[in-house]
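The values are calculated or read from the model by the stated rules, or taken from the named source; none is laboratory data. These numbers were taken from a predicted model, which means no experiment stands behind them. Glycine also receives a Cβ, built like all others from the backbone with ideal geometry; neighbour counts cover every protein chain displayed.
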Amino acid sequence: MSALDPTQTLVELTMAICDIESVSSNEAKLADEIEQVLTKSPHLSITRDGNAIVARTNLNRDTRVIIAGHIDTVPVADNLPTKLHHFEREQVIFGRGTVDMKGGIAVMLKLAVELQQPKFDVTWVFYDNEEVAADLNGLGRLARNQPEILNGEFAVLCEPTSAMVEGGCNGTVRVEVRTVGIKAHSARPWMGKNAIHALAHSLNILNDYQPATVTVDGLDFKESLSAVLVSGGIATNVIPDAAVLTVNYRFAPDKSAAEAILHLETLFEGFDVVVTDQAEGAKPGLNLPAALDFIAGIGKEVRPKYGWTDVARFSAMGIPAVNFGPGDPSLAHADNENVPVGHLIDVEAGLRAWLSL
């Protein structure tokens, strides 16, 4: 018997999905359960690639849309099983994955089963390994292995947006700013050269930096530049001969990752700058017919997405995409991660109205 029942209420289904622990690379059980539910729906054709499940309608509609979400979470922090709290004005589900992004997965699964004759042909994508290294990402793997299965005119990613529509996303680059010194005993520091001290100028650059706000397709994307890690030294009585400052640049989608990297190399001129990770941003594409149709159907104000999401993967494939899902993104990965039931209801109702004949 399946642990998931799409005839349950949205609240019950969300809690059931969250209670199947699926930390990145441990999604097999949840993928099995989702596949079992979808396979029982004769209007869907099912494809599985690893722990990614793709369910497609084939109604020969003029337009095909993609609705996608990842089934993995960050590690559990004593926040499973889920708990339903009743507040004066709202019911709230607490637990790992409620925001990022199993609330969205519950909405998708329920609609995939119930909407047998949608207005468009729909490709529902439930994929693995979004929360880890980009080369493991299940959506990226599908794009490499079976790109034709992701054909479509428009995509919706059910990442948390507080049930608002967020267009595009910032890109991200991580670099290591490295310095080299000379080891010496800390009692005789003049015999060496302190690599940690040599990082001081790079930190001053960050302190003085004023991030830009860039308007793209009518949305204002805020950039950010932050030190996120620092390392150096081997012992408390040794002058360090190497130090590394890791810097993360979240850049607006008006520029490419290559342009963002050049900006960092220019900013930290004189330092050894090594790129460790990069991901392109995505322009909102809000002037395109499919996006305009979605926005009109949902009836929500559109905001920019500051964090990176997989809409960028769709953008790279030439498919305009937006983020639309339940949950406050600022609570993603938090120990008190929680989603208001009202968000689940609003997203489910919005997508149902847009997809219904």
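Taking the residues in the stretch 106-122 that are touching a strand residue (DSSP E or B) at 6+ places or on another chain (Cβ under 9 Å) and surrounded by 24 or more Cβ atoms within 10 Å (Cβ to Cβ) as candidates, determine which candidate is nearest to Ser41 (Cα to Cα).
In this case the residue turns out to be Ala112.
What are the residue pairs meeting all of these: first residue in the stretch 301-315, first residue closer than 10 Å to Gly168 by Cβ, second residue among the acidic types (Asp, Glu) and surrounded by fewer than 18 Cβ atoms within 10 Å (Cβ to Cβ), Cβ atoms under 8 Å, and 6 or more apart or on different chains?
Final answer for the pair search is Pro304/Asp220.
Output the residues belonging to the stretch 12-28 that are aliphatic (A, V, I, L, M) and more than 9 Å from Ala106 (Cβ to Cβ). Can you show your working first?
Applying the first criterion (aliphatic (A, V, I, L, M)) to the stretch 12-28 yields 13, 15-17, 20, 23, 28.
Residues satisfying the conditions are Ile20, Val23, Ala28.
Check the stretch 1-19 and report whether any residue there is touching a Gly at 6+ places or on another chain (Cβ under 8 Å), buried (at least 20 other Cβ atoms within 10 Å of the Cβ) and outside any helix (DSSP H, G or I). Talk me through it step by step, then tell me what you get.
From the stretch 1-19, those touching a Gly at 6+ places or on another chain (Cβ under 8 Å) are 14-15, 17-19; that's our starting set.
Subsequent filtering for residues that are buried (at least 20 other Cβ atoms within 10 Å of the Cβ) retains 14-15, 17-18.
Then drop every residue that is not outside any helix (DSSP H, G or I), which leaves none.
No: zero hits.
All but one of (1) more than 22 Å from Thr172 (Cα to Cα); (2) modelled with pLDDT of 95 or more; (3) surrounded by 19 or more Cβ atoms within 10 Å (Cβ to Cβ) hold for Ala260, so report the exception by its number.
Looking at each condition in turn, Ala260 falls short on (1).
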